[in-house]
Amino acid sequence: MNASSRPQGNIARLHTDWEEINSELRRMEQVLSDAIGLYLRGQTAKPTHAIAEVERLRALCGERFDALMRAIREA
């Protein structure tokens, strides 16, 4: 691998990583939305686990996005 293709390889890896986390975040946000609807109808307990998971994924997604943008700027 030559030096000029390394940044693109790193960017591609970071992009794939970010897309996977972002996809999981979107899925969990839908789970949370559904859980909130059930909670508001009195059909389930407060969705604290789903809230915590969405918060965790949002933080992780933000970190990966920042790393991806940094890699692009530095390429």
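So here's what we get for this one:
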{"read-out": "From Ile11, Ile21, Ile36, residue being within 14 Å of the chain's Cα centre (by Cα) and either surrounded by 11 or more Cβ atoms within 10 Å (Cβ to Cβ) or under 18 Å from Ile72 (Cα atoms) (or both)", "value": "Ile21"}
{"read-out": "Subset tally (residues that are aliphatic (A, V, I, L, M) and out of contact with any Asp or Glu (no Cβ under 9 Å at 6 or more places or on another chain)) for the stretch 26-49", "value": "5"}
{"read-out": "The stretch 47-75, residues that are within 26 Å of Pro7 (Cβ to Cβ) and in contact (Cβ under 8 Å) with a residue 24 or more places away in the chain", "value": "Leu60, Cys61, Arg64, Phe65, Ala67, Leu68, Ala71, Ile72, Glu74, Ala75"}
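Every read-out reported here was derived from the displayed coordinates using simple, explicitly stated rules and does not represent laboratory data. Fair warning: this is a prediction, and the values are worked out from it, not measured in the lab. Please note: Cβ atoms are built from the backbone with ideal geometry, for glycine as well, and neighbour counts cover all protein chains shown.
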